[in-house]
1. Report the label-to-label distance for S43 and T113 in nanometres (one decimal), using points 7 Å from each Cα along the Cα→Cβ vector.
2. Measure of size requested: the Rg and Dmax of region 236-276, with Cα atoms as the atom set and Å as the unit; please supply both.
3. Return the Cα extents of region 157-230 along principal axes one, two and three, sorted largest first, each rounded to a whole Å.
4. Would you compute, from DSSP H runs of 4+ residues alone, the mean residue ellipticity of the chain at 222 nm, taking -39500 (n - 2.57) per run and dividing by the full residue count, rounded to the nearest 500?
5. Using 7 Å Cα-to-Cβ label points, what is the W162/A72 separation (nm, one decimal)?
6. To check my understanding: the extent here is largest minus smallest coordinate of the Cα atoms along each principal axis. What are those three numbers for the chain, in Å, largest first?
7. Going through the cross-link list K122/K269; K119/K220; K30/K89; K30/K176; K74/K176, which pairs have a Cα-Cα distance over 23 Å in this structure?
8. When you count, for each residue, the other Cβ atoms within 10 Å and take the mean per peptide, how do 78-91, 188-201, 257-270, 235-248 rank with the highest first?
Amino acid sequence: MKNEESSQDYENLAEGALTLSYFRNARRRKLLATKPLNAELWSELLVQHPILARLTYGEKSRLRDLTTIFLAEKQFELVRGLSLDEFQKASLAVQACLPVLELGIDWYNDWSTLILVPKEFKEQMLTPDGHLVHETNEELGGEILPLGPVILSWRDIEDSGWGEGYNVVIHEMAHKLDARNGGVDGCPPLHSDMDFEQWKTVFTLAFTDLERQARRLGRKAEAQLAIDPYAATDPGEFFAVCSEVFFETPQVLKKQYPGVFDLLMRFYKQNPLRQSDSRV
Ligand SMILES: [Zn+2]
């Protein structure tokens, strides 16, 4: 009897989820049909973000849809006097959507808010009544709170998307994807045709190699390493930094850690080294 009740409960739950997903998809279809991202703004985004140049016409079109949905469904909270225009918000959104171009926007369905600050910030620990009890020395360009908001510095967003290797938006989105199956440990939920043991072995080898090089070079590491030594902080940071490099300067990651490049290509279902032969 208990089992029967349980299976009925599951059926009701599944039915509820299906209904929710039906209404959400209907709402999205209506949004895309009636209020797609402004065409002029979209053309400007493509010009201003060289990392999008490789995409085919069809991929750009799907990315425009994802960006439209992202802008409509996520809350943007601007603090510390920051103000952003439509182009600036769309610039953030399009970079956030690039990693989920083939995964789908629902990979971001466990959080809804972006907190945007003007420049780098220090992580603060406050008591419930707002008293500062701890502040880090290090300045951050972005941070995520598991199951909570993403915090980003606008100054760092402006430095992202130029195909130069740095991208705070992709970095924080990678942390969000990683956190979907628990902690930020460098392993997001893998697809059914991927092998966790292989992921662990390949990433651990590359992480250990970078950690060793960073330790050996000390202060010179940042200037001499092709991959930001911040990646050697822990496996979670390694996955996030490698994701930035994967989308920004894929040739660097392919040369440095080809095994990591191949696994990221399978996870993101994209090949950023493939050049588009289509026109915008
Ligand atoms: Zn990070």
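Derivation of every value follows stated rules applied to the coordinates shown; laboratory data play no part. None of these values were measured; they are calculated from a predicted model. Using ideal geometry, Cβ is built from the backbone for each residue, glycine included, and neighbour counts are taken over all protein chains shown.
1. Simple spin-label model gives 3.8 nm for this pair.
2. 9.2, 31
3. 40, 31, 20
4. -16500 deg cm²/dmol
5. 3.4 nm
6. If we take the Cα atoms of the chain, the spans are 61, 55, 48 Å.
7. K122/K269; K119/K220; K30/K176
8. The most tightly packed comes first, giving 235-248, 257-270, 78-91, 188-201.
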